[in-house]
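So the structure is just underneath, and the comments pick up after that.
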Amino acid sequence: MKDDAFKVQLFRFIDVLPSLRDDSQVARLMEEYFGESAAVASPLHWGLRAVSATRLGARLSAKALRRQIQQLATTFIAGASVVDAAPALARLWKEGRAFSVDLLGEATVSEREADLYRDRCAEALRLLGEVTAGWPPSSLLERDHLGFIPRINLSIKLSALYSQLDAIDPEGSYRAVAARLRPILDLAMRLPAGLTVDMEQAELKDLTLMIFMRLLSEDAYCAYPHGGIALQAYLKDTASDLRRLADWVRQRGNPITVRLVKGAYWDSDMIRYRQRGWPVPVFDSKTGTDANYEALTRLLIEHASILRPVFGTHNLRSLAHAEAAARAAGLPTHACEYQMIFGMAEPLQAAVVQLGRRLRLYTPVGELLPGMAYLVRRLLENTANESFLRKEYVESRPLSVLLEPPRAAEPGVMRADRLVAAHAEPVPADRFRNEPHTDFAQRDARDAMARAIELVKGRLGQDWISPLSCAVQTAGSMLVSVDPGLPTRIVGRIREATPEDVPLAVRQALDHFQDWSGTPPDARADLLCRAATGMRRRRYELAAWEIFETGKPWREADADVAEAIDFLEFYARQMRRLGRPQRLGEEPGELNHLVYAPRGAVTVISPWNFPLAIPTGMVSAALVTGNVVLFKPSERAPLLGALLTEVLAEAGLPRGVLQLLPGGPKLGEALVGHPDIQVVAFTGSQRVGLEILAQGSRVAPGQRWIKRVIAEMGGKNAIIVDDTADLDEAVVGVLSSFTGYQGQKCSACSRAIVHEAVQELFLKRLAEAVMSLTIGPAEEPGTRMGPMIDDRARAKVRDYIEIGKREGRLVVERRVEGTGYFVGPVVFADIQAAHRLAREEIFGPVLAVMSAKDFDEAIRLANDTDYALTGGLYSRSPVNIAKARERFDVGNLYINRPITGALVGRQPFGGHRLSGVGAKAGGSEYLTQFMTARVVSENTLRRGFAPEE
Ligand code: NAD
């Protein structure tokens, strides 16, 4: 605990240990984690090296290590099963300690696993009923001021009861969780047993409370007096939640138990909310949490006539405060319960028992080695919580310090404090920050999205005219945009431009070139920022249009609008930087300036799959650099293209500078081929990209420049899952990477390269997860997967599914009924490098799984493709992670996370090989492609005299 670096290594090692199959692998990982670590005390260091140097040594040290950790695990885990744990539980009872069993297990990634958890809970209750039946009665443990308390108590996690649990969809989540919880509750009422709902990540807090209250309001459970819920003091909202609970309990008429804890997800909540740019819901210091704990303690005690107060803490001060507050309120001593964790803070446990108070131990039950890994994961998530234990037992501070009121400063105790301090530094006002995605755990956000969907629904089917449409298009027919989830529903119509319109459109645009290129760069940047403001104002509406026009589920649509805003803000800032002449060299007598100048007319040709973000990025880059733009959105998402021009017009873009030309490939060809075009910015398929590159390189008679073609093309992206991967994360990460937006992302995962040792388990869990995904209309909040963009796309995917059936082994094929262009996810295994499924971009939810016998082969397979766009790795081997960093040849590599969702500025995006040519979008070099660089050098020495510069 004293050595942070070593502690993290050790915890991480324990986390990976259960997944290691043989002794040599344990020895290898031991070497990887500790071999080079200077942090390891040297005798241990040398010992580890010596024993792992030989095969015999490896076996001995691996065995010894497993045994030691198993031994350690028995301190914190009461048994591998309820039956195993029975003697430990009985012993506790004899010592005057009650229990609440917590069933350890892996994360629930599928409905089958959720069923399993439900069954395990029920089974645990039944067994506990048998195990505890013969125990002697205890007036201390089985009675409080409100009456009888069952000796059986189980803590449950709602996230384990439903694989699709998501605050974006409270109704669907309620239905699914309640269906699995009811049989458990029925049993708990019969036995009787207490059932406490654990509180998990902050994002699930409101949902958890809602489900708990709603279920316990149902007629069948309204009278059940032993339901409980945990509340976390580190959340700033908890006081109002507690009041809300109290109001509800008053109406319900029967008590519930409230377990007040500090909270176990402080680090992860803090990090996640910060990463997403959301207001952090937790107190940013431990003292803040401790102070809140005391305030909540008093509040809970105030409501002790209807809420059974339980204090879950290992903090001496918090315990003492609860005791004093209860006494001050005149509560009888058996009104309050104290809870601690099995195996932790023994002296405090003993003290509470000795005082004659009711103590209940939160008691993990599960397989020892994996169980230890889960516990360690909790500890890792929660370094903040450990600090008190550390002070008390490791550093042995005097009582006066330990009992200090929480407002007193605690310099340098917590990593947490450092984390906060690092972020608290002032940031320059003009620094780019990503537009936060919407937090759909907030009711306001859900309501706003639902309202926008209704609003847009009312406007479907109309004819569209963009203020920036090119002036001529008279001959073109109407492009009809339909909802891919319900193709009979017309989203809107817009007049197509034809190849014949191109010359005039180009001329009209170029007529504005002089004015626009002469507009100061800062003014052009300001325009982008105003457009960003406009998009923010219309954020939900724009997302709603995407939902209807392209079948994007809520979060995907929302993220696309956020990314569009990011491009505007980011490129605006980049232009302010590049717009200033840059002085080169410092030598006297010469003045060297690098300046950038716009090129002229830019054609932007965009795809439909990020229907706002991608065109916004290309169009805004071309505009802010002073060019005029001919913009052809995809014929499969023309309305979003039109909306972009509308936003830019509202922001004040002069007419003529940007010409909107809706239409298809022929129009695109005419735009690329026009001799007055200087730059083509294209994002789309490899086939079209290569054609454009070829066409663009031809110089027409009289054309005085070589066209610059920026082409962002497809991918055949792989995720490697090695034999040390955390399958809880790998399954979820691969699933979301290959099914997110139905696999229609250039960054999507389409190959999973899995170590043969873990392949079958991985496939089993993945297949079950595939069968659990919520697939349906994009406008439903709970939908994780919507339809394909159109019939053509669906037919292509179906063709590949047939090819896959010939080439590989079908692992799972999810069939989806419905009138829309739906295709369920499909997974094939045993795909070989030469197979079409391993080589061709499918652009749909089809995953080719390839097996690798070791990591080097996995990297070789991953790199064996024409593409180099994104790639991913799930691994807990430091050596493999380092190898991937060096050798996995892709434009964007993601380690231990999904491979889609690159953020502007933070993860500039783009590939090489046949995935693209050009600088990364959302990166600092992107804009220079739209300009020519000129260097002007002036000799400032005239007649022997040079002015000061
Ligand atoms: P696509 O190539 O079919 O179409 C892209 C655009 O090119 C459309 O506007 C289309 O009308 C136009 N077009 C088609 N033929 C043309 C021609 N001969 N001349 C000029 N223009 C022509 O691609 P798509 O289906 O719209 O998008 C999916 C593809 O885009 C996938 O391959 C995906 O990987 C790729 N993509 C790449 C990135 C990236 O950043 N690398 C991002 C998104 C999509």
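The values are calculated or read from the model by the stated rules, or taken from the named source; none is laboratory data. Computed from a prediction, not measured in an experiment: that's the story for all the values here. Cβ placement follows ideal geometry from the backbone for every residue including glycine, while neighbour counts extend to all protein chains displayed. Accessible surface is based on the protein model in full, side chains and every heavy atom, while ligands, DNA and RNA are left aside. Shrake-Rupley method; radii C 1.70, N 1.55, O 1.52, S 1.80 Å.
How big is the accessible area of Glu171 in square angstrom, nearest 10, if you roll a 1.4 angstrom probe over the protein chains?
Roll a 1.4 Å probe over it and Glu171 shows about 90 Å².
In whole Hz, with x marking every Gly and Pro, tabulate ³J(HN,Hα) for region 781-786 from phi via Karplus 6.51 cos²θ - 1.76 cosθ + 1.60, θ = phi - 60°.
Karplus-based 3J(HN,Hα) across region 781-786 equals x, x, 5, 9, 9, x Hz.
What is the Cα centroid distance between region 66-116 and region 546-582, reported in whole angstrom?
If we compute the Cα centre of each part, the gap is 49 Å.
Over what distance in Å are the Cα centres of region 290-308 and region 865-942 separated?
Answer, in whole Å: 53.
At q = 0.10, 0.13, 0.15, 0.21 Å⁻¹, what is the base-10 log of I(q)/I(0) for region 578-716 according to the Debye formula with one equal point scatterer per Cα and no solvent? Please give it to two decimals.
For the requested q values the scattering log ratios are -0.38, -0.59, -0.75, -1.24.
Can you find, among Gly626, Ile306, Leu235, the residue sitting farthest towards the positive end of the charge dipole of the chain, where Lys and Arg contribute +1 and Asp and Glu -1 at Cβ?
Result: Ile306, furthest along the dipole toward the positive end.
Any chance you could look up the accessible area of Phe945 with a 1.4 Å probe, heavy atoms only, rounded to 10 Å²?
140
What does the charge count near Tyr117 come to, summing +1 for each Lys or Arg and -1 for each Asp or Glu among other residues with Cβ under 9 Å from its Cβ?
With Lys, Arg at +1 and Asp, Glu at -1, the neighbours total +1.
Placing unit charges on C-beta atoms (Lys and Arg positive, Asp and Glu negative, everything else neutral), compute the dipole magnitude of the chain about its Cα centre in debye, rounded to 20. Intermediate values should be presented prior to the final figure.
Values: 117 positive and 116 negative charges, 115 e Å.
It works out to roughly 560 debye.
Sequence neighbours fewer than 8 away in the same chain don't count; with that in mind, list the aspartates and glutamates whose C-alpha is under 20 Å from Lys666.
List returned: Glu496, Glu500, Asp501, Glu635, Asp676, Glu691, Glu712, Asp790.
With a 1.4 Å probe and all protein chains kept in place, how do Arg327, Arg798, Arg538 rank by accessible area, largest first?
Arg327, Arg798, Arg538
In the full protein assembly as shown, how much of Cys336 is accessible to a 1.4 Å probe, in Å² to the nearest 10?
Result for Cys336: roughly 10 Å² accessible.
Could you check how much of the accessible area of the chain is carbon and sulfur, as a whole percent, using a 1.4 Å probe? It would help to have the intermediate numbers written out before the result.
On the way: 20340 of 37760 Å².
Carbon and sulfur together cover 54 percent of it.
With charges set only on the Cβ (+1 for Lys and Arg, -1 for Asp and Glu), what does the dipole of region 442-531 come to about its Cα centre, in debye to the nearest 20?
Roughly 440 debye for region 442-531.
What distance in nm lies between label points placed 7 Å from Cα along the C-beta direction at Thr74 and Arg214?
4.6
Please list the non-local residues whose amide H lies under 5 Å from the amide H of Arg143, H modeled 1.01 Å from N, same-chain partners needing a gap of 5 or more.
Ile149
Hey, can you find the accessible area per residue of the chain for me, probe 1.4 Å, expressed in square angstrom?
Values: 37760 Å² over 949 residues.
Accessible area per residue: 40 Å².
Using +1 on the beta carbon of Lys and Arg, -1 on that of Asp and Glu, and nothing else charged, what's the dipole of region 641-703 about the Cα centre, debye to 20? Could the numbers behind the result be given before it?
Working: 4 positive and 5 negative charges, 34 e Å.
Roughly 160 debye for region 641-703.
Expected output is a single nm value to one decimal: the length gained when fully extending between Ala179 and Leu941, i.e. 0.36 nm times separation in residues minus the C-alpha distance. What is it?
Extending this stretch completely gives an extra 265.7 nm.
Provide Val812, Val83 ordered by accessible surface of protein heavy atoms (probe 1.4 Å), highest first.
Val83, Val812
Would you calculate, for the chain, the mean residue ellipticity at 222 nm contributed by helices, counting each DSSP H stretch of 4 or more residues as -39,500 (n - 2.57) and dividing by all residues, to the nearest 500?
Numbers: 33 runs with 422 residues, N = 949.
One gets -14000 deg cm²/dmol as the mean residue ellipticity at 222 nm.
For region 288-373, with the dipole built from +1 on Lys and Arg beta-carbon atoms and -1 on Asp and Glu ones, taken about the Cα centre, which of Ala322, Pro364, Ala345 lies farthest toward the positive end?
Selected residue: Ala322.
Can you pull the one-decimal nm distance between simple spin-label points at Gln703 and Asp515, each 7 Å off the Cα toward Cβ?
2.8
For every other residue with a beta carbon closer than 13 angstrom to the beta carbon of His912, add +1 if it is Lys or Arg and -1 if Asp or Glu, then tell me the sum.
Here the count lands on -1.
Of Pro553, Tyr162, Ala220, which is farthest along the charge dipole of the chain in the positive direction, counting Lys and Arg as +1 and Asp and Glu as -1 at C-beta?
Of the options given, the answer is Ala220.
Just the number: Rg to Rh for region 661-816, Cα atoms, Kirkwood Rh, two decimals.
My calculation puts Rg/Rh at 1.10.
So, counting K/R as plus one and D/E as minus one, what does the shell of residues with Cβ under 11 Å around Arg495 add up to? Spell out each step's value before the answer.
Working: positive: Arg493; negative: Asp463, Glu496, Asp501.
Overall, the nearby charge balance is -2.
Determine one quarter of the surface area of the Cα convex hull of the chain, which equals its mean projected area, and express it in nm² to one decimal.
Over every viewing direction, the Cα hull of the chain projects on average to 45.4 nm².
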